[in-house]
Amino acid sequence: MTSPPIGELLARVPGARWTLALVVLAIVATFLPARAATERGAHREGGASPPSARIGLVFDVGGRGDKSFNDAAFAGVSRAERELGVEASYLEPSSTEDREAALRLFAARGLDLVIGVGFIFSSDIEEVARAYPNVRFAGVDFAPGPNGIPPNVAALAFREEEGSFLVGAVAGLMTKTKHVGFVGGMTGPLIRKFEAGYVAGVEAACATCVVHAAYAGTTPDAFRDPAKGKALANAQIASGSDVIYHASGSTGHGVFEAAADAKALAIGVDADQHDEMPGTVVTSMIKRADIAVFDMVRAVLEGKFSGGSKVFGLADDGVDYVREGPHAAGIPEDVKAKVEALRAAVVAGRVIVPSR
């Protein structure tokens, strides 16, 4: 059963205080069982053992079904359900206030691990984690504030610049116009890492290529504006770009539409986005949030959870790009070989990819 956005629940109690809002959420949650509980309830009634742990996942802007970062995190928890026997609950915020409310709801229920997806959760996770020091939290793309990382928070971060470097090299090797594009979602340090790595990869493969870059906005809504993504991509195509990489959540679907209309190539992000626009999406930069989330759940079960920064890069398969199978069929073999040489150089430390 799919839980509705929290905003829809809070809308039913306009003007209520947060305490009342949280009570409403808690009451509604009793009627919105987690997918895992729903699917396995009958099995447990038959005498099976209780779940090994209870996990709460709060989605980022765009929610489940974005075929990107949220779905990757969901895949990690789903794998933990199948392989580790955990029980999972999910909530999808629709506003800034909802994020904190969702985290507090899970923390108040005493779940074994509460996961927030996306850097915009950082301050909310920090505040709630300090209020619930005995509850474990994991923040995907957690950005520490001035007070650092609370001891009960695992800050999961990625070297997005390294994966972006590889797809930048693909773009530089495959462009026919020597003009390529980059469309980012919300401006800020995180998405700048994608741009910086991409630009470095393009330059490594094609020193004379020009990169056209643009961002969809300055708020989280920039990650869910396909119309804006299409407009930005069309402008870059008009400037000569024939390969465009996006790091913009569901805004990227507009990028894919523009590329398809112009018979240009597009590069997806966070997950394999080939099926979003077959024949147009030539590859995708993969950010393995699924692996990071699964590893955190397993660490909780094994009693090995620890707070602090956990960084995943090329060397530990934290980032990659789609380079095998039918979804990479549009990449010529000589291009793959050159990109693999660059990958080896990054892993060996001979090439340091910039992050800004």
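The values are calculated or read from the model by the stated rules, or taken from the named source; none is laboratory data. These numbers were taken from a predicted model, which means no experiment stands behind them. FYI the Cβ positions are ideal-geometry reconstructions off the backbone, even for glycines, and counts take in every protein chain you see.
If you take the residues in segment 289-339 that are over 24 Å from the mean Cα position of the chain (by Cα) and assigned to a helix (DSSP H, G or I), which one is surrounded by the fewest Cβ atoms within 10 Å (Cβ to Cβ)? Among those that are over 24 Å from the mean Cα position of the chain (by Cα) and assigned to a helix (DSSP H, G or I), it is E333.
Here is a yes/no grid of residues against (1) among the hydroxyl-bearing types (S, T, Y); (2) surrounded by 20 or more Cβ atoms within 10 Å (Cβ to Cβ):
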position	(1), (2)
G110	no, no
I125	no, yes
V135	no, yes
G148	no, no
E162	no, yes
K193	no, yes
Y198	yes, yes
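The set of residues in segment 215-225 that are free of Cβ contacts under 8 Å to residues at least 40 places away in the same chain, crowded, with 19+ Cβ neighbours inside 10 Å and out of contact with any Asp or Glu (no Cβ under 7 Å at 6 or more places or on another chain) comprises Y215, A222, D225.
On the basis of being crowded, with 20+ Cβ neighbours inside 10 Å and touching a residue at least 60 places away in the same chain (Cβ under 8 Å), does G185 make the cut? Answer is yes for this residue.
Farther than 16 Å from V180 by Cβ, in contact with a strand residue (DSSP E or B) (Cβ under 7 Å, 6 or more places away or on another chain) and either touching a residue at least 12 places away in the same chain (Cβ under 8 Å) or not polar (S, T, N, Q) (or both) - does that describe any residue in segment 251-266? There is at least one residue in segment 251-266 that is farther than 16 Å from V180 by Cβ, in contact with a strand residue (DSSP E or B) (Cβ under 7 Å, 6 or more places away or on another chain) and either touching a residue at least 12 places away in the same chain (Cβ under 8 Å) or not polar (S, T, N, Q) (or both). Checking each residue in segment 91-128 for being of a type in the set (D, E), in contact with a Leu (Cβ under 9 Å, 6 or more places away or on another chain) and at pLDDT 90 or above picks out D112, D124, E127.
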